[in-house]
Amino acid sequence: MLAVHLVSFFFSKLQEDPTKKVDRFLHAMRLHDDQLIDISKRFLAEMKKGLSAESTAAAAVKMLPTQVRSTPDGSEKGQFLALDLGGSKFKVLRVKVREDVGIRKGGVELEEKTYPIPKELQVGRADELFDHVSESLKDFLHEKNISPKKKHPLAFTFSFPCEHPSLDQGLLLNWCKNYRVRGLQGKDVVKALKQAVNRAGDMDIEVLAMVDDTVATMMTCGFDDQCCEVGLIIGTGTNACYMEELRHIDLVEGDEGRMCVNTEWGAFGDDGALDDFITEFDRDVDAASLNPGKQIFEKMVSGMYLGELVRLVLLKMAKLGLLFDGHVSDALRTKGKITTADVAAMEEYRSGLKNTKDILTHLHLSPSPDDCIAVQQVSTIVSFRSSNLVAAGLTAILTRIRQNRNLRGLRITVGVDGTVYKTHPQYSKRLHKVVRRLLPDCQVRFVLSESGSSKGAALVAAVAQRLTSQRRKVDEALSLFPLKQQQLQLVRSRMREGLEDGLKSRGCTIKMLPSFVYHTPDGTERGKYLALDLGGTNFRAMLVRFKRQKSRLYHKIYTIPLEIMQGTGEE
């Protein structure tokens, strides 16, 4: 009888507090700071693995060099065309950086037109897709009265994972976002675009740069804030990029300066690094996706999957009798019936409960007030976990930047774009709060990309032009320094003549002074010797002990004051 009363009391308490019921059911999704720090350390290790030539092939996080070597510095000028391809629509733009105003005073003008990408082209042949893109570009030039005879520099935002041998080349690694275009994987996307432009005819286009939306977001926000060295996308997909020290990027020659690295962090966890944080609902989402076992981190945090995670949780709770009196509608059983926009609406501060009731009613459910509170809590926990995981990844990136520069603290700006971040105020507030809590010594500012990624791509092209111009000036200034083989041989012969003359007689340019040192050491030297070393601003006294081909040295350094260095010999 006592057991029956305890069970009855337990369920009555759960019914009294619907949020606690959800908290217990989704305890695995509620991540604490020590877990987030652990995840951040795991991601930091993956970053190092991806940057190393020895381990990059096995790394889940690919850390792709973008060939973007600088953020805007305010001196960029010019006019550019831009293409932005990455979803069901794409944009063609004209971007003007007015020469009489310049970037620092905000002299940038955008003209754009959006064109649809039919679904059949998203799964068709590559030449069909790029023919559509080039015909749309041609239409834009005609509509804006832009002369097709004049050569136009173009920047291309292509929001799919690519390997960049150079800024104007991009080898497609794989498709995502429901694109499955045939005949392009492993090939140069820029080359495919150029070929399509040539087929369309009557256009003179020079593709200066190709980047993805993450890099373009960093460049767009760097336009207004030169502390911006990190780009973050939290939308249908998710990704992050940052400016890495070139000496740490094994796949790129050189060790001076920095280069933007595209982390492709959506694949974090593909190698099992997140297995102990994955729930049954994550596994169900992954199993039903187009790419099972891939993009694990993205499926836990991005807008394409948040609504579906909430639906699966509600379905399981309803089947267990924890929601809707155990009733399950056909709509609740149907994939895609709850969207990320629904999740944001349910979390709204003032109208969240009303929105929750409307959404559930639309799913042919009859929620009680407690059901609405519980469902709102489910949405909060799922989206809170997403922002926590993004914060952990971002903490790893900022920690690496700080370590690279040997800084105790860091003042930096993160440029952000994506529908989840833009349309979900609670999400962005949580993200900011958690990052600042995990990195108390860093001043992290978040800037929303107002102009999208197209402006950023044009800025990449503008920066590329600026760097090319600078390099040309540097090359001109240094043009007198390179020596030809013939000149080196002449220097060698003259040096030899000078050495020989110095050995024969005094008063020559090369003195060839005898030192009266007749032998180099042979290893048999023994004993203790004092040595004095005078030759600059310091004077060193030493005791050196030689024994059995080994030596021990004791020394002390004395500073010589300037007045003694320039005084008398006796002093």
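Close amide-amide hydrogen proximity is noted between TYR242 and GLY231, VAL261, THR263, each under 5 Å apart and 5 or more residues distant or on a separate chain (H modeled in the peptide plane; Pro and chain starts excluded). Straight-line reach from LYS433: taking Cα to Cα under 20 Å and skipping same-chain neighbours fewer than 8 places apart, the lysines in range are LYS41, LYS422. Each Cα pair under 8 Å and six or more residues apart adds its separation to the average, and for the stretch 124-199 the resulting relative contact order is 39 percent.
How many times 2.2 N^0.38 Å is the alpha carbon radius of gyration of the stretch 424-471?
Values: Rg = 16.5 Å, N = 48, 2.2 N^0.38 = 9.6 Å.
Cα Rg divided by the expected 2.2 N^0.38 Å: 1.72.
If eta is 1.002 mPa s and T is 20 °C, what Stokes-Einstein diffusion coefficient results for the chain, Kirkwood Rh from Cα pairs, in µm²/s?
Values: Rh = 28.4 Å.
In µm²/s, the coefficient is 75.
Simple point charges give the picture: +1 on the Cβ of Lys and Arg, -1 on the Cβ of Asp and Glu, and for the chain a dipole about the Cα centre of about 1380 debye.
Taking every alpha-carbon pair in the stretch 358-426 and binning the separations at 5 Å intervals from zero gives 3, 12, 15, 16, 14, 11, 9, 6, 5, 4, 3, 1 percent.
Sorted by average packing, counted as other Cβ atoms within 10 angstrom per residue and highest first, what order do 490-497, 227-234 take?
On the way: 490-497: 10.9, 227-234: 25.9.
Output ranking for 490-497, 227-234: 227-234, 490-497.
The relative contact order of the chain, computed from alpha carbon pairs under 8 Å that lie at least 6 residues apart in sequence, is 16 percent.
Using +1 at the C-beta of Lys and Arg and -1 at the C-beta of Asp and Glu, which of ILE510, PHE384, HIS142 has the Cα lying farthest in the positive direction of the dipole of the chain? Going by the Cα projections, it comes out as ILE510. From its DSSP helices (H runs of at least four residues, each -39,500 (n - 2.57)), the chain gives a residue-normalised ellipticity at 222 nm of -13500 deg cm²/dmol.
Percent antiparallel among DSSP beta bridges with both residues in the chain, to the nearest 5? Mind showing how you got there, number by number?
Values: 50 of 74 bridges.
Around 70 percent antiparallel, to the nearest 5.
I'd like to know which of GLY415, ALA60, VAL491 lies farthest towards the positive end of the charge dipole of the chain, counting +1 on Cβ of Lys and Arg and -1 on Cβ of Asp and Glu. Checking the options against the dipole of the chain, the answer is VAL491. Distances between placed amide hydrogens fall under 5 Å for LEU173 paired with CYS162, GLU163, GLY186, all partners being 5 or more residues away or on another chain.
Assuming charge only on the beta carbon of Lys and Arg (+1) and of Asp and Glu (-1), the dipole of the stretch 400-481 about its Cα centre is about 460 debye to the nearest 20. Hey, if you drop one equal point scatterer on each alpha-carbon of the stretch 53-158 and run the Debye formula without solvent, what base-10 log of I(q)/I(0) do you get at q = 0.16 Å⁻¹? The Debye formula, applied to the Cα set alone, gives -0.89.
Give, in whole angstrom and from largest to smallest, the semi-axes √(5λ) of the equivalent ellipsoid of the stretch 308-354, with λ running over the eigenvalues of the Cα gyration tensor.
Working: eigenvalues 80, 36, 13 Å².
Three semi-axes, in Å: 20, 13, 8.
The distance linking the stretch 52-101 with the stretch 180-248 is 4 Å (Cα centroid to Cα centroid, whole angstrom). The translational diffusion coefficient of the stretch 166-211, from Stokes-Einstein at 4 °C and 1.567 mPa s with a Kirkwood hydrodynamic radius over alpha carbon pairs, comes to 110 µm²/s. Note on the stretch 146-243: lysine pairs with Cα distance below 25 Å, sequence gap of 8 or more or different chains, count 9. For the chain, carbon and sulfur atoms together expose 52% of the accessible surface, with a 1.4 angstrom probe and every protein chain in place.
Listed by chain and number, the aspartates and glutamates placed with their C-alpha closer than 18 angstrom to that of LYS429 are ASP33, GLU347, GLU348, ASP417, GLU450; residues fewer than eight positions away on the same chain are left out. Take every pair of alpha-carbon atoms less than 8 Å apart whose residues are at least six positions apart; their mean separation over the length of the stretch 439-562 yields a relative contact order of 12 percent.
Within straight-line reach of LYS528, meaning a Cα separation under 22 Å, sit the following lysines at least 8 residues removed in sequence or on another chain: LYS547, LYS550, LYS556.
Highest mean first, what order results for 300-309, 143-152, 118-127 on Cβ atoms within 10 Å?
On the way: 300-309: 25.5, 143-152: 11.2, 118-127: 14.3.
Sorting 300-309, 143-152, 118-127 by mean packing, highest first, produces 300-309, 118-127, 143-152.
Using the C-alpha gyration tensor of the stretch 428-571, what are the square roots of 5 times its eigenvalues, in whole angstrom, with the largest one first?
Numbers: eigenvalues 648, 248, 73 Å².
Semi-axes, largest first: 57, 35, 19 Å.
Size of the stretch 290-435 from its Cα atoms: along the principal axes, largest to smallest, the extents are 58, 38, 23 Å.
The Cα atoms of the stretch 84-235 give a gyration tensor whose axes a ≥ b ≥ c have a/c of 1.5 or more with a/b no greater than b/c, which makes the shape oblate.
Karplus-based coupling profile of the stretch 461-469, in residue order and whole Hz: 5, 5, 5, 4, 5, 4, 5, 5, 5, with θ = phi - 60° in 6.51 cos²θ - 1.76 cosθ + 1.60 and x standing for Gly or Pro. Amide hydrogen proximity for ARG125: with H placed 1.01 Å from N in the peptide plane, the residues at 5 or more positions away or on another chain lying under 5 Å are ARG182. Between the stretch 540-566 and the stretch 431-475, the C-alpha centres lie 51 angstrom from each other. Take the chain with all the other protein chains still there, run a 1.4 Å probe, and you get 54 Å² of accessible area per residue.
The values are calculated or read from the model by the stated rules, or taken from the named source; none is laboratory data. Model, not experiment: these values are computed from the prediction. Heads up, the Cβs are rebuilt from the backbone with ideal geometry, glycines too, and the neighbour counts pull from every protein chain shown. These accessible areas exclude ligands, DNA and RNA; they are computed on the full protein's heavy atoms, side chains included. Shrake-Rupley method; radii C 1.70, N 1.55, O 1.52, S 1.80 Å.
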